[in-house]
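Report on the following structure.
The values are calculated or read from the model by the stated rules, or taken from the named source; none is laboratory data. Quick caveat: nothing in here was measured; it's all calculated off a predicted structure. Neighbour counts are summed over all protein chains in view; Cβ atoms, including those assigned to glycine, are modelled from backbone coordinates with ideal geometry.
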Amino acid sequence: MAPFQKFREGWVRPALFFGNNPISLAGGAITSAAGVTMIGYWLVELFGRPNDNPYVGIIFFLLLPALFIAGLALIPVGVYVRHRKLQLAGQIPAVYPKIDFNDHRFRHGVDIVLVATVINLLVVSMASYRGAAYMDSPQFCGQSCHVMQPEFTAYKVSAHSHVDCVACHIGAGAASYFRAKVNGTKQLIEVTFDRYPTPIESPVQNLRPARDICEGCHTPARFIGEKLLVKSTFADDEKNTQTQSVVVLHLGGRDSLSHLTGIHGVHLGHIEYVAADSSRTTIPWVQKRNEDGSETEFAVAAAGGSIPQGERRVMDCIDCHNRAAHTFVTPEDALNRAMAEGAVSPELPWIHKEGMELLKANYSSEADAQAKIPEQLSAFYRNGHPEVLAAKADLVKAAGEQLATLYSQNVFPFMKVAWGTHPNHIGHMSYPGCFRCHDGEHASKNGTSITQDCAACHNLLAVDESKPKVLSDLGIQ
Ligand code: HEC
Ligand code: HEC
Ligand code: HEC
Ligand code: HEC
Ligand code: HEC
């Protein structure tokens, strides 16, 4: 017997004979549907617009392959069950039927596989498509995964609440695309088994290059010029005495003569640094490429003249705007702003002092804080200043609720995100920020240092003055 014929008679015919059972047929149909969907997806990845979402990997790298293998596994299971049943009934034929399309039983089996495959294909590909679309939405990234709650909460109230998470969070290029998929899968597994880091680490290594993302909407070289900043501060006395700082920031940009000036003009694209810690807070070494192509190094004395080990990072938007989409504030800033807006009324005596204490206290959970903050504020007035509660019950109630909201926007006990967990690099009052480099300690070989001159960055028109004259001059107050 020719080997081919032997193979056909000894293997193919028995396989088809035993394989003609519902379990194996269903297995075959599942496998082929999963297979076709995967191939379709890979073709789209190769030639079409790939889907950016890291969690889509769950469907295409885990779920579909799992279905594919489960389907394959069902085939021998069905064969085994049928073989065993026929054996027990003594019905195993001496000669296996020929493969014959005229045999209605064989044709029937083929029909079942075809119909089931088509149905399966529709179901599997629809499910994957819907799943992928869902996973692309900020709702999925931010909400279905409670781990993201701090970032999602801050994102919703940020200027960027309409920018998709994936627009900023997936790096460019095939490698980072693939890495994001693997990361996303890893993260879902971590979340499933409760092994995720709390809080989620920052900085994010896998961010799309800032200039790619941000410059899609902002033009950094646009000359913004000067930006006026007015900040109100309330004191801890009975009257919550209000003072204001008025600052003109020299934001600059590219001016009409094409010079790069000011805060925006001088950093982008030509300043590199090495950080000594993972949060990029301690920066011992900075290098600037000058317009003539020469380079100036600035280092702290402790660096000892050598370039420290570590990633050499070219400064971009995120080195200052690290909290553009997820701004967590300090309790001082949160309360001062709420009082300036009137959401927490400055008419309530001692509200600043008492509010700060309530914001900074420890609560076991979010719910605990939501209940206790308003309650304790009422108790404070009930016990110490009942006349205030009698006259301004509404304001006390509103203040209590607003304080609780401020807390819930910034503190997330279950993720170990507290006040100050994620520093903001934009200024220098609450965190090192600009002073990570502009501390007067970063010196070059010829003795200059990165400036700490207040006037290089801003003009201070008023610092903590009550009713600054400049505001009325400007017609603001
Ligand atoms: C406008 C761009 C942008 C958008 C949109 C955005 N992020 Fe971010 N995200 C950032 C930046 C910038 C950081 C901080 C990166 C750094 O410091 O390296 C960050 C950090 C994070 C972190 C790390 C922890 C932390 O707080 O630093 C998580 C988690 C995160 N984002 C989740 C999300 C989710 C979920 C969404 C959508 C609901 C989202 N991001 C939308 C830019 C963005
Ligand atoms: C899809 C468009 C889009 C992208 C991408 C985008 N922004 Fe914005 N951004 C906006 C819009 C629109 C506003 C103004 C919103 C408003 O005033 O309410 C804004 C406001 C801002 C502001 C001023 C308000 C604030 O929060 O202080 C800063 C700073 C800013 N963006 C920085 C960035 C940075 C940094 C990135 C990149 C990580 C970025 N943006 C990416 C659209 C975008
Ligand atoms: C050296 C730090 C630094 C870098 C780098 C930087 N910015 Fe800024 N940017 C600032 C400061 C400071 C402000 C003013 C902050 C404020 O309003 O409180 C600002 C303000 C802005 C604003 C608001 C302008 C307005 O009119 O209110 C936008 C938008 C912005 N930056 C976008 C960007 C983008 C996009 C990049 C990257 C291409 C970038 N910035 C890089 C420091 C920086
Ligand atoms: C990673 C280091 C680093 C950080 C962080 C940084 N800068 Fe700078 N900055 C530099 C270097 C380097 C120069 C160029 C110094 C020189 O040429 O003498 C510079 C120059 C400047 C200048 C021009 C000074 C002059 O005399 O012309 C301004 C203004 C400025 N920075 C503002 C800021 C502000 C505002 C922030 C924070 C939002 C900031 N910088 C954060 C490194 C940094
Ligand atoms: C490298 C740039 C830089 C230098 C140098 C600098 N500042 Fe600032 N400063 C900033 C920026 C940026 C902001 C705005 C922060 C923000 O947007 O919240 C700011 C804000 C302020 C504010 C008002 C904001 C607040 O939160 O109360 C005061 C007051 C201030 N600076 C004082 C000073 C003094 C005094 C000096 C000199 C010893 C100085 N700064 C040096 C960049 C600088």
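Scanning segment 192-203 for residues that are exposed (fewer than 15 other Cβ atoms within 10 Å of the Cβ) and either more than 26 Å from THR281 (Cβ to Cβ) or small (Gly, Ala, Ser) (or both) yields THR192, PHE193, ASP194, ARG195. The sole residue among ALA443, ALA462, ALA393 that is assigned by TED's automatic domain parsing to the domain that holds GLY304 and either over 30 Å from ASP316 (Cβ atoms) or β-branched (Val, Ile, Thr) (or both) is ALA462.
Here's the yes/no breakdown for (1) aliphatic (A, V, I, L, M); (2) farther than 22 Å from GLY420 by Cβ:
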| position | (1), (2) |
| --- | --- |
| ALA276 | yes, no |
| PRO284 | no, yes |
| GLU295 | no, yes |
| VAL300 | yes, yes |
| GLY305 | no, yes |
| CYS317 | no, yes |
| ARG323 | no, no |
| GLU332 | no, no |
| PRO346 | no, yes |
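Applying the criterion of being surrounded by fewer than 12 Cβ atoms within 10 Å (Cβ to Cβ) and at pLDDT below 75 to the residues of segment 83-122, the residue that is nearest to GLY40 (Cα to Cα) is PHE101.
Does GLU226 count as touching a Gly at 6+ places or on another chain (Cβ under 9 Å), at pLDDT 80 or above, loosely packed, with under 15 Cβ neighbours inside 10 Å and not hydrophobic (A, V, I, L, M, F, W, C)? In short, yes. Filtering segment 286-341 to residues that are more than 30 Å from TYR407 (Cβ to Cβ), modelled with pLDDT of 90 or more and among the hydroxyl-bearing types (Ser, Thr, Tyr) leaves SER294, THR296. Candidates are the residues of segment 330-347 that are assigned to a loop (DSSP other than H, G, I, E, B) and in contact with a helix residue (DSSP H, G or I) (Cβ under 6 Å, 6 or more places away or on another chain); the one that is surrounded by the most Cβ atoms within 10 Å (Cβ to Cβ) is VAL344. The residue that is surrounded by the most Cβ atoms within 10 Å (Cβ to Cβ), counting only those in segment 305-322 that are outside any helix (DSSP H, G or I) and acidic (Asp, Glu), is ASP316. State whether the residues of segment 222-235 include one that is free of Cβ contacts under 8 Å to residues at least 60 places away in the same chain and more than 13 Å from ligand 3 (Cβ to nearest atom). No, that holds for no residue. Of the residues making up segment 388-439, just one is within 16 Å of ligand 3 (Cβ to nearest atom) and at positive phi, namely GLY433. Considering only residues in segment 195-232 that are over 20 Å from the mean Cα position of the chain (by Cα), farther than 24 Å from ALA167 by Cα and of a type outside the set (A, V, I, L, M), the one that is nearest to ligand 2 (Cβ to nearest atom) turns out to be LYS227.
Pairing residues of segment 443-462 that are more than 11 Å from ligand 4 (Cβ to nearest atom) with residues that are in a loop (DSSP other than H, G, I, E, B), at Cβ distances under 8 Å and at least 6 apart in sequence or on separate chains, gives LEU461/PRO468; ALA462/PRO468. Restricted to segment 150-189, and to residues there that are aromatic (Phe, Trp, Tyr) and modelled with pLDDT of 75 or more, the residue that is surrounded by the fewest Cβ atoms within 10 Å (Cβ to Cβ) is PHE152. Within segment 190-210, the set of residues being at pLDDT 75 or above and in a helix (DSSP H, G or I) comprises GLU190, ALA210.
All but one of (1) within 16 Å of ligand 5 (Cβ to nearest atom); (2) out of contact with any helix residue (DSSP H, G or I) (no Cβ under 9 Å at 6 or more places or on another chain); (3) within 29 Å of ALA167 (Cβ to Cβ) hold for ASP277, so report the exception by its number. Evaluating ASP277 over (1) within 16 Å of ligand 5 (Cβ to nearest atom); (2) out of contact with any helix residue (DSSP H, G or I) (no Cβ under 9 Å at 6 or more places or on another chain); (3) within 29 Å of ALA167 (Cβ to Cβ) leaves (1) as the failure.
If you go through segment 252-294 and keep only what is exposed (fewer than 12 other Cβ atoms within 10 Å of the Cβ) and over 24 Å from GLY427 (Cβ atoms), you end up with SER256, LEU257, SER258, ASN290, GLU291, ASP292, GLY293, SER294.
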